[in-house]
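The values are calculated or read from the model by the stated rules, or taken from the named source; none is laboratory data. Please read these numbers as outputs of a predicted model, since none were measured by experiment. Cβ placement follows ideal geometry from the backbone for every residue including glycine, while neighbour counts extend to all protein chains displayed.
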Amino acid sequence: MLPIVSITIFLPLVGALAVMTMRKLPRQGVHAIGIGISGLTLIGTIFMWMRGVEASGFSQVEQINWMPSIGAAYRVGVDGISLPLVLLTSLLFFLTFIFSAKVKDRPHAFVVLMLMLETAALGTFTALDAILFYVFFEVSLVSMYFMIAGWGHEDRQRAALMFFIYTLLGSLPLLLAILGLYLGSDPNTFDMRQWIENPPLSGMAAMLALIAMLFTFAVKIPVFPVHTWLPAAHVQAPAAGSVILAGVMLKFGTYGLVRFSLQMTPDAFREAGQIVLAFGVVAALYGAFAALAQKDIKRLIAYTSVNHMGYVVIGVAIAALATDPAIRATALDGSVLQMVSHGLVTGALFFMVGMLQDRTKTRDMEKLGGLLAVTPVLGWSFILAAFASLGLPGLAHFPAEFQIFLATLRVEPWAIIAILGIVITAGLYLLAIGKVFLGETSEKWAQMKDLELREALTLAPLLFLIIAVGVAPFWILDMIHKTTVALQF
């Protein structure tokens, strides 16, 4: 059988190597290669989706011996938790390449870094060997560092360094946890499937491994108080970098929380579940309140990411605390769907902020106003995505958050206080819409152009999926539920 998973993972890397050899290729040709390779990668993930996932365990597994003496191998595969994130990743990269076709500054380097980052992201979600996972997890940091530092805004060097130091130091505890899980396994192996089926650690050893993993994933998600790198990175990153950072790379943390913390140290996670739940509630409320205080629209959206990732953490914690398998599946269904919906909604919002900044050269909401009259398509698109972000029924976040809060009410009713974050988010987005798009139009914006074809092609798929997931989420929830309903821990 054709190794679709491996081909899909490494196709962007092959494209990056090809671009490196074409130094004289014009800018348009370089961007065409990026769009073409990412488009083929998207097709590959669609084939993976068509193959589907099994009712339990991993499917489409591909394996090659790597370092057999220590039980390490090239192992990749998908299940109902990882496959939706793989689809989201390939879609966002494809749309980002379309949006970034305007980049004139060092286009070769830009496309190479983006393609390398796509391979790292796909590898992170599909790796079934802990060493392979860690390699992909770390390589992504390098690509994003250079993306922010090379194509970011005025304070990009500081933001890139802050991002790199936080996330690099934050990932070191994960390496220690991986070594602990390896030494605890019998026979010694880095096969993540065996660690999930038979958690190798117990007692204090499992708790120490869990603490190490929680620290790594808390930085990556991020949750309060290790979130401070995120607003700076988002504000200074180019629009393409912000979309990938929020839409894809933040999911490394929440995915790791499920795949490693919950599945490999389930007993320890259950003991620490109340503490993790509390961090999720604080993150949800803090992110919403912090966003409410922002004047920079990009920073506002960055803080809403902290808020929405807090809901994911709540769902995972509830899954650990629940004794009823049906409630556990509901919580995890909501958490995984929230990861996907956050990528769609926040990706669309960051694209549109990039479009606004290209036109106005500012992100300060106080300096904008009345833009709906001159850019109606962009304005109504932003309003749709903003309504999705605040959890309006019929749009993407609602079915995810509804399942999370439903499970929360049945397990730990006190944590439902996090629902206040939705109320605050509604208020802050209504204020943002009023400041940016409503009111009288300033003369200096009177000649502003609405969406170009390239921008419309970027936004249309995301807006369509925001509605599709909100109105009929079953097509993705069926895939997720196949895995979550079968989990035993």
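Hey, could you check region 331-348 for residues that are polar (S, T, N, Q) and closer than 16 Å to Ser82 by Cβ and say which is surrounded by the fewest Cβ atoms within 10 Å (Cβ to Cβ)?
The initial filter retains those residues of region 331-348 that are polar (S, T, N, Q), namely 335, 338, 341, 346.
Filter once more, keeping what is closer than 16 Å to Ser82 by Cβ: 335, 338.
On the way: Ser335: 29, Gln338: 24.
Result: Gln338.
Which one of these is hydrophobic (A, V, I, L, M, F, W, C), crowded, with 24+ Cβ neighbours inside 10 Å and at negative phi: Ala326, Ala322, Ala407? Write out each step before concluding.
On the way: Ala326 fails: crowded, with 24+ Cβ neighbours inside 10 Å; Ala322 fails: crowded, with 24+ Cβ neighbours inside 10 Å.
Being hydrophobic (A, V, I, L, M, F, W, C), crowded, with 24+ Cβ neighbours inside 10 Å and at negative phi holds for just one of Ala326, Ala322, Ala407, which is Ala407.
From the set of residues in region 412-436 that are of a type in the set (Gly, Ala, Ser) and surrounded by fewer than 18 Cβ atoms within 10 Å (Cβ to Cβ), which is nearest to the chain's Cα centre (by Cα)?
Ala426
Which one of these is under 30 Å from Ile178 (Cα atoms) and surrounded by fewer than 16 Cβ atoms within 10 Å (Cβ to Cβ): Ile70, Ile46?
Working: Ile46 fails: under 30 Å from Ile178 (Cα atoms).
Of Ile70, Ile46, the one residue that is under 30 Å from Ile178 (Cα atoms) and surrounded by fewer than 16 Cβ atoms within 10 Å (Cβ to Cβ) is Ile70.
Find the residue count for region 201-222, including only residues that are over 19 Å from Leu132 (Cα atoms) and either among the charged types (D, E, K, R) or surrounded by 20 or more Cβ atoms within 10 Å (Cβ to Cβ) (or both). Lay out the reasoning, then the answer.
Of all residues in region 201-222, those over 19 Å from Leu132 (Cα atoms) come to 201-208, 210-211, 214-215, 218-219, 221-222.
Adding the requirement that they be either among the charged types (D, E, K, R) or surrounded by 20 or more Cβ atoms within 10 Å (Cβ to Cβ) (or both) leaves 201, 206, 210, 214, 218-219, 221-222.
Qualifying residue count for the region: 8.
Here are the criteria: (1) touching a helix residue (DSSP H, G or I) at 6+ places or on another chain (Cβ under 8 Å); (2) among the charged types (D, E, K, R); (3) without any contact (Cβ under 8 Å) to a residue 60 or more places away in the chain. Tell me which single one Asp478 does not satisfy.
(1)
Failed condition for Trp380, given (1) surrounded by fewer than 19 Cβ atoms within 10 Å (Cβ to Cβ); (2) in contact (Cβ under 8 Å) with a residue 40 or more places away in the chain, with all others met?
Here Trp380 clears every test but (2).
Is region 154-164 home to any residue that is in contact with a Lys or Arg (Cβ under 9 Å, 6 or more places away or on another chain) and either in a helix (DSSP H, G or I) or surrounded by 24 or more Cβ atoms within 10 Å (Cβ to Cβ) (or both)?
Just the residues of region 154-164 that are in contact with a Lys or Arg (Cβ under 9 Å, 6 or more places away or on another chain), to begin with: none.
There is no residue in region 154-164 that is in contact with a Lys or Arg (Cβ under 9 Å, 6 or more places away or on another chain) and either in a helix (DSSP H, G or I) or surrounded by 24 or more Cβ atoms within 10 Å (Cβ to Cβ) (or both).
In region 445-469, what residues are closer than 26 Å to Gly370 by Cβ and free of Cβ contacts under 8 Å to residues at least 60 places away in the same chain? Steps first, please.
Pass one, region 445-469, residues closer than 26 Å to Gly370 by Cβ: 445-456, 458-460, 462-463, 466.
Across region 445-469, the qualifying residues are Glu452, Leu453, Ala460.
Considering Ser69, Ser38, which residue is modelled with pLDDT under 90 and in a helix (DSSP H, G or I)? Outline the logic, then answer.
Numbers: Ser38 fails: modelled with pLDDT under 90.
Answer to the check: Ser69.
Out of region 212-229, which residues are in a helix (DSSP H, G or I), in contact (Cβ under 8 Å) with a residue 40 or more places away in the chain and among the hydrophobic types (A, V, I, L, M, F, W, C)? Spell out the reasoning first.
As a first pass, look at region 212-229 and keep what is in a helix (DSSP H, G or I): 212-220, 229.
From what's left, in contact (Cβ under 8 Å) with a residue 40 or more places away in the chain: 213-220, 229.
Once the filter is applied, which keeps residues that are in a helix (DSSP H, G or I), in contact (Cβ under 8 Å) with a residue 40 or more places away in the chain and among the hydrophobic types (A, V, I, L, M, F, W, C), region 212-229 yields Met213, Leu214, Phe215, Phe217, Ala218, Val219, Trp229.
Could you please find all residues in region 257-277 being surrounded by fewer than 20 Cβ atoms within 10 Å (Cβ to Cβ) and in contact with an Asp or Glu (Cβ under 9 Å, 6 or more places away or on another chain)?
Gln274
If Tyr286 satisfies all but one of (1) buried (at least 24 other Cβ atoms within 10 Å of the Cβ); (2) within 25 Å of Arg363 (Cβ to Cβ); (3) among the aromatic types (Phe, Trp, Tyr), what's the number of the condition it fails?
Failing condition for Tyr286: (1).
Tell me the residue from Pro393, Pro376 that is within 22 Å of Leu477 (Cβ to Cβ) and either in contact with a strand residue (DSSP E or B) (Cβ under 8 Å, 6 or more places away or on another chain) or not hydrophobic (A, V, I, L, M, F, W, C) (or both), please. Write out each step before concluding.
Numbers: Pro376 fails: within 22 Å of Leu477 (Cβ to Cβ).
Every option except Pro393 fails the conditions.
Any residue at all in region 115-131 that is assigned to a helix (DSSP H, G or I), crowded, with 22+ Cβ neighbours inside 10 Å and without any contact (Cβ under 8 Å) to a residue 24 or more places away in the chain?
Yes, some residue in region 115-131 is assigned to a helix (DSSP H, G or I), crowded, with 22+ Cβ neighbours inside 10 Å and without any contact (Cβ under 8 Å) to a residue 24 or more places away in the chain.
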